[in-house]
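The values are calculated or read from the model by the stated rules, or taken from the named source; none is laboratory data. These numbers were taken from a predicted model, which means no experiment stands behind them. Neighbour counts run over all protein chains shown; Cβ positions are idealised from the backbone, glycine included. These area figures cover heavy atoms from the full protein model, side chains too; ligands, DNA and RNA do not enter into them. Shrake-Rupley method; radii C 1.70, N 1.55, O 1.52, S 1.80 Å.
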Amino acid sequence: MNEMNTPTGERLIVQEVAPRDGLQIEPTWVETADKIALIDGLSAAGFTRIEAGSFVSPKAIPALRDGDDVFRGIARRDGVIYVALIPNLKGAQRAIDAGADELNLVMSASQTHNRANMRMSCEASLAGFGEIVAFAKEHPVSLNATVATTFGCPFEGKIDEDRVLQIVQHYLSLGIANVTLADTTGMANPRQVKRLVGRVLTLLPAAALTLHFHNTRGLGLANVLAAYEAGARRFDAALGGLGGCPFAPGASGNICTEDLVNLCDEIGIETGIDLPHLIAMSRRLPALLGHEVPGQVAKAGRNCDLHPIPPALQQAA
């Protein structure tokens, strides 16, 4: 990626997804109070969008079974949109009752992955979306719909780009204004990303599009730059690089929030997010979760975080 071609001066919006996508796969139970503290810390860091939890079956995702209590317990900040992932109409009702500002609906471009993830066909998912849209019209909540496995499926392989565009058009026809293209298992590459993002942006404005990348094969940040150059401006990321889809073999964590913000700081793209605050939060994750996390900047520090000159060199001088 040629840095000279990277646009500067246009803000990149980071939607933090660690409280949902990050924690959903964790084997260790994170207490409700700790989830709330995590979200409150993220709110204080300057995020305008936080995916704070989900309202799926507790049997399917036991790690997030306290979504109602989490949404009711967070200290809401003006200007922050708190998003909930919902699988069906019942989940939408629960999320709205708990005070979610936006509902994120998910369907895979791959029939096989949709059956593994949602336990239904794509056609059944779309029918359910129609019910949710009708219900949401009665409430002050916005809607976002995700196309999972946009860039490849671990079961079916390559996904036809025309199919992705057809799904986006279907979402828009239902009255869903915001769309996420998700690289659920990290199969995307920068050239593919740039091409598909360019095509999707002929259907909706950049302000309505989110890109969701995983770093499964080490291309996460390269894919962000490719999407940004193609005109995308909003990206999901998870503190510490947490996350992964429990229904997709080989899926590893999301792109790391502090690594993404550090990249933006280094090349002059504004995010409005407090990087030192993020790094401090990321460094507390191992104690919370009981294991190290993938993020790099929290381990290495920023480029401007210099070290003392070794005493031997000081004496030589």
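General remarks:
- Listed residues ILE36, ILE81 arranged by accessible area, highest first, probe 1.4 Å: ILE81, ILE36
- Normalised per residue, the accessible area of the chain is 42 Å², obtained with a 1.4 Å probe and no contribution from ligands, DNA or RNA.
- Most to least accessible of ARG199, ARG119 (protein chains only, probe 1.4 Å): ARG119, ARG199
- Histogram of C-alpha separations across the stretch 1-109, 10 Å bin width, %: 14, 45, 26, 11, 4
- Exposure ranking of LEU306, LEU219, LEU313 by accessible area [1.4 Å probe, largest first]: LEU306, LEU313, LEU219
- Each Lys and Arg adds +1 at its Cβ and each Asp and Glu adds -1 at its Cβ; summed about the Cα centre, the stretch 174-288 shows a dipole of about 400 debye.
- Overall dimensions of the stretch 121-176, expressed as equivalent-ellipsoid semi-axes from the Cα gyration tensor (√(5λ), whole Å, largest first), are 25, 11, 10.
- GNM result for the chain, Cα springs below 10 Å: residue of PHE155, PHE235, PHE129 fluctuating most strongly: PHE155
- The stretch 185-247-the stretch 15-81 distance, computed between alpha-carbon centres (Å): 22
- Simple point charges give the picture: +1 on the Cβ of Lys and Arg, -1 on the Cβ of Asp and Glu, and for the stretch 56-116 a dipole about the Cα centre of about 240 debye.
- Global form of the stretch 190-239, assessed from the alpha-carbon gyration tensor, a/c cut-off 1.5: oblate
- Reachable aspartates and glutamates from LYS299, criterion Cα separation under 14 angstrom, eight or more residues apart if same chain: GLU258, ASP259
- R0 of 35 Å, Cβ-Cβ distance GLU270-PHE155: FRET efficiency to nearest 0.05: 0.35
- Per atom type, the chain shows carbon and sulfur on 53% of its accessible surface, probed at 1.4 Å.
- A Cβ-based charge dipole, computed about the Cα centre of the chain with Lys and Arg at +1 and Asp and Glu at -1, lands at about 480 debye.
- Taken over the stretch 87-212, the percentage of Cα pairs per 5 Å bin, counting from 0 up to the bin with the maximum distance, is 2, 11, 23, 23, 20, 13, 6, 2, 0.
- Rolling a 1.4 Å probe over the protein chains gives LEU263 an accessible area of about 40 Å².
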